[in-house]
Amino acid sequence: SEQGIYYALDLGGTNFRVLRVQLGGQRSILEPDVERQPIPQHLMTSTSEDLFDFIASSLKEFVEKEGDGSDTSLMRRRELGFTFSFPVKQTSVSTGILIKWTKGFGIEDTVGREVSECLEQAMARKGLNMRVAALVNDTVGTLALGHYHDPDTIAAVIIGTGTNACYLERTDAIIKCQGLLTTSGGMVSFLYVSRQTSSDSLSDELIYFVIYLLTLTHLHLHQVVNMEWGNFWSSHLPRTSYDIELDADSPNPNDQGFEKMISGMYLGDIVRRVILRMTPLMAEMHEDDSPELTEVARILKDTLEIPDVPLKVRKLVVKVCDVVTRRAARLAAAGIVGILKKIGRDGSGGITGGRRSDIKMKRAVVAIEGGLYTSYTMFREYLHEAMIEILGEEAAEHVILMVTEDGSGVGAALLAATHSSDRVDNVQLL
């Protein structure tokens, strides 16, 4: 039901985006205005003030294009959703402390600082009257946009250059949050009761208090869990010598193990390493003149451990790409099913229960963003194939993978609208 103009700043790599989103209520979003801008290389390792001043200047220029660009329009305070896709310790819905930089950034004086404050100070220096109403990462923004369009959306996954996921979890199932009270995210810690009477009698107070308690007993309190699943690791993951070499040669060895087996940043390098090892065998395979390419099949099976290769896909590089992509897609599918299983939406009784035929499955929507899924047909097909294989056809019918566009930006603007200072005092129990 949110209405009005809200802004978003999406900083997640060597480029950043600024967005202007107009909400019309009734789940209505007009076509957002979007501008992309590269971050100069030297600013990625400069100072916090240099980086955020540059971003604030660009944001101010973008805001000035709203309306007639007059000074009067700049005086009005605006609400901003800040998508900051780096490891952060979230301290409230609008604040968080940077744990470490990734993706080529290395600004030491920002580590340990509250990032929304860094941005707001820069905006103040540039004369821009704007408040960070929500601090999120790209998965949370995607979840917000997905849920805005479809209330059955319970998770969001990014599968692009990198990979991550978030999902809605019951608060009482989050061990880290037990015994803590928070007003951020989706957890309801208190409600305002809207009174329609001027009476202050004890009986009225008691009635409203009872209504409040009864309502709380029926609320399923939820929070958004940012999984940072790119850093997941398990001895059960099918790690090969190629994965071990890639990890050792990377700038962050022993980190992001799951991401290095799935995301677009690394798949091509895995293929390259496989082909490099094949080079001494190229002559033998090239000189195989048998009708069924039996020597190629033998080398693939014995040396590269790729058995039973059909003739039509024995074009070597294509097959390597196929194997690496299929593994990545199946791992991503396993991660998605893991979320569904954890919250009992996979057709079973939850993570500790077995498959039950008497459970009527609810529709579960997973919002997905990222070029690896949206633009790579074979990756997408293998992921869907694995989802059906793991869940079973009947259960898989109730899981909808929904592609979102600009979720990391538009979703942040939506969350800014939800947590706008204009709306904070209007939360009511009806």
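The values are calculated or read from the model by the stated rules, or taken from the named source; none is laboratory data. None of these values were measured; they are calculated from a predicted model. We place every Cβ from the backbone using ideal geometry, glycine too, and count neighbours over all the protein chains shown. To get the accessible areas, we keep the full protein, side chains included, count just its heavy atoms, and leave off ligands, DNA and RNA. Shrake-Rupley method; radii C 1.70, N 1.55, O 1.52, S 1.80 Å.
General remarks:
- The strands (runs of 3 or more DSSP E) located wholly in the stretch 142-251 that include 1 or more residues which are open to solvent by 80 Å² or more (accessible area, probe 1.4 Å) and at pLDDT 60 or above occupy 163-170.
- The stretch 363-386: number of residues that are modelled with pLDDT under 95, open to solvent by 30 Å² or more (accessible area, probe 1.4 Å) and in contact with a helix residue (DSSP H, G or I) (Cβ under 8 Å, 6 or more places away or on another chain): 5
- Looking only at the stretch 13-26, residues that are open to solvent by less than 10 Å² (accessible area, probe 1.4 Å) and more than 30 Å from Met44 (Cβ to Cβ) come to 2 in all.
- Filtering the stretch 252-269 to residues that are part of a helix (DSSP H, G or I) and either of a type in the set (Val, Ile, Thr) or loosely packed, with under 15 Cβ neighbours inside 10 Å (or both) leaves Ile262, Gly268.
- Listed conditions (1) at pLDDT 90 or above; (2) within 30 Å of Lys301 (Cβ to Cβ) are all met by Cys321, apart from (1).
- A single member of Asp33, Asp10 is in contact with a Gly (Cβ under 9 Å, 6 or more places away or on another chain), surrounded by 15 or more Cβ atoms within 10 Å (Cβ to Cβ) and acidic (Asp, Glu), and it is Asp10.
- The set of residues in the stretch 1-24 being of a type outside the set (A, V, I, L, M, F, W, C), closer than 17 Å to Glu79 by Cα and assigned to a strand (DSSP E or B) consists of Gln3, Gly4, Tyr6, Tyr7, Asp10, Arg17, Arg20, Gln22, Gly24.
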